[in-house]
Amino acid sequence: MNAAEGFSCFFFDYIIYVILSISKIYLFSSLSRTEFEFGFFLLNLATVLILSCWTLLLKAKTRQWVLLFLLFLHSTLLISDLWYYRYFQDFLSISLLSDITQINDVGGGFLTLIQATDFFFFADLLLFGAAIWSMRKRQAQAQHSNRKKYAGIVLAAGIGLYALPMLTDYFAKGASPFDPTVADMQDYYQFGFWGYHGLDLAKGGIDLLSKENRVTAEEESLIRGANKGGENAEAAEEQPNVILVQLESFQSSVIHHEVDGQELTPNLNKLTEEMLYFPSFYHQTHEGRTSDAEFITNTSLQPLRSGSVYTQYEKNEFDSLPAALKENGYTTAAMHAYEKDFWNRDSFYQNIGFDQFFSKEDYPEEKKIGMAVNDTEFFTTSIEHMEELEEPFFAFLVALTSHIPYEIPEEDRALDLTGYEDPLLKGYYQTIHYVDGSVGVMVQELKDKGIWDDALVVFYGDHDSGLQKDGSEMAKELEVESAVDQFELSRRVPLFIKPPNLAQGETVDKSGGQIDITPTILAILGISQPYVLGQSLMDEEANLTVFRDGSFRFEDVYYLPDLTEPIGSGTCYSIDTEEEIPFDRCAPHIGKAAKQLQVSDTIIQENALDELRHSSRP
């Protein structure tokens, strides 16, 4: 009996286990619509062999139960990753443990992520059991010495197979596994399913054990060079009040959109004639969603590649909008009608410079819609709180009514949506229409109380609705046919700015993102900018709007990276024609985008701004 025949005779159960494990990763790729190329197959086969070779040391009956348990664990992680990917286009990470208590942020919409076919991941348990039962009398028992030999062979084969695609990439493309990445998806394609989770676990362990910041001289140089802050024109002696309003799940696609002659947002449509309206403005959130939008807007930094700054780094030092305004004589207040400690808001708000935080206990309890008091009551009560603040004040409002799963009482459903099938989409349009009415009430009350004219007022959307995926009813209604269409639908959110005493509204064609809000507000006020990665939307220079996966918009081009490849591979599109254009139109900005993400990560994870202020380096 040769070695191959001996192995199949002694370890038939293990062969079945390996086949089922690889099949499940292929099923995962199919259901998540991610790539599964030959090199990726080798990486996953190799990691399965490396991680399970130790089971060959066990006796047959014990090994079979262990392998069955490993299949169950594998299926559980795969199905969890799949559900998470459908919502965030990313995978689970050890860093998300701190976010477990915030799962309500997804709300009832989580059930829409589950499909019946997902449970095929557990079908392998029956297949494995049936295979073992059929071979129960024919599988031989290997001697201990042979078990050690075969375990060593499998381990060596796994290591060799794992190195093969990496060596191929190194010699063919000059790519190294140690090259920096900007997205978890790049790590997934570079190291495989188990490689990604192993690397993530190792990083989490290092971060947990390491208490000291590790900003190198090179990182410090990059951080200082990336800062776009600086001196503005001299601030006015009497500064205006600043009101910054974040609207929940508000996409730009609803602005000026009609359903059978019914305007979804009649009040915001009118504001395009009274305020500066930016139709090419984008949200840059990632897994933290609403908390990401708040963080990006108030600090002019990028979100984390996994999880939320609010729950992982809420005590770190950031140069923030409220802190800059506070230093210039402003009273600062955050207003959000939900639990004070949800997403660690109470701690984070205080850390970045808010004097007061008006939360659930500071708002009326009647007429709750979704998670909290309806936005009409929220806005009008917030104005009452503003009137109690010493001027000039900065009020940051986070609305909630249009939060997934978009539930609203029957009496508040003002739109006739006959013909629509998706209940979530119908709920979304109804809640968006309601919130638009709430904005109208707020604007009128600010005018009636004499606050509107002299104030700097900003409305913006925090992130997409989650209903815009390819093939969805929303995508079909809005005729999404290209990568640019999908980008615009998924990323564009409204931005309205009314500088003090604006005579007439205007549509501003300049593109930008949430990272630009802080420098824009400070530029309007003439206040010197702290450390920011964004830039003012009021100047002449084009803004580079970078997203967490390394994609970006710059002027009239959109870059979509290929995450299966190292940084620098992807497709360049024209925003206007929606067609692919020469790569050199995007190439000069790819490194800049990656640098912005890397610098932001270093600032957040290493508490670099605090360290730089105490650095002895020149």
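The values are calculated or read from the model by the stated rules, or taken from the named source; none is laboratory data. On a predicted model such as this, the values are computed, not experimentally measured, just so you know. Using ideal geometry, Cβ is built from the backbone for each residue, glycine included, and neighbour counts are taken over all protein chains shown. For the accessible areas, the whole protein counts, side chains as well, though only heavy atoms, and no ligand, DNA or RNA atoms are used. Shrake-Rupley method; radii C 1.70, N 1.55, O 1.52, S 1.80 Å.
A full extension of the chain between Glu365 and Lys148 corresponds to an added length of 71.4 nm, given 0.36 nm per residue minus the alpha carbon distance. Based on DSSP H runs of at least 4 residues, each adding -39500 (n - 2.57), what is the mean residue ellipticity at 222 nm of the chain after dividing by all its residues, to the nearest 500 deg cm²/dmol? Helix-only estimate at 222 nm: -14000 deg cm²/dmol. Only one residue of Thr272, Phe121, Val599 has its Cα farthest out toward the positive end of the dipole of the chain, where Lys and Arg carry +1 and Asp and Glu -1 on Cβ, and that residue is Phe121.
For Ser30 and Ala163, the difference between the fully extended length at 0.36 nm per residue and the C-alpha to C-alpha distance is 45.4 nm. Each residue was assigned an accessible area with a 1.4 Å probe, and for Asp509 the value is about 120 Å². A crude spin-label estimate for the pair Lys476 and Thr577, with each label 7 Å from Cα along the Cβ direction, gives 3.1 nm.
Determine the sum of side-chain charges near Val18: Lys and Arg each +1, Asp and Glu each -1, restricted to other residues whose C-beta is under 14 angstrom from that of Val18. Before the final figure, lay out each step's value.
Values: positive: Lys24, Arg63; negative: Asp13, Asp124.
Here the charged neighbours net out to 0.
Ligands, DNA and RNA left out, the 1.4 Å accessible surface of the chain is 54% carbon and sulfur atoms. Pairs exceeding 32 Å between alpha-carbon atoms, taken from Lys24/Lys149; Lys367/Lys447; Lys426/Lys595; Lys173/Lys510; Lys203/Lys592; Lys270/Lys426: Lys426/Lys595; Lys173/Lys510.
Residues Ser21, Ser569 ordered from highest to lowest accessible area at a 1.4 Å probe: Ser569, Ser21. Residues in the chain average 43 Å² of solvent-accessible surface per residue, probe 1.4 Å, ligands and nucleic acids excluded. Charge tally around Gly353: other residues with Cβ under 9 Å, Lys/Arg +1 each, Asp/Glu -1 each, net -1.
Available extension along the chain between Lys59 and Asp207 is 49.5 nm, counting 0.36 nm per residue and deducting the alpha carbon span.
Counted by Cβ distance under 11 Å from Thr331, the other residues give a net charge of -3, where Lys and Arg count +1 and Asp and Glu count -1.
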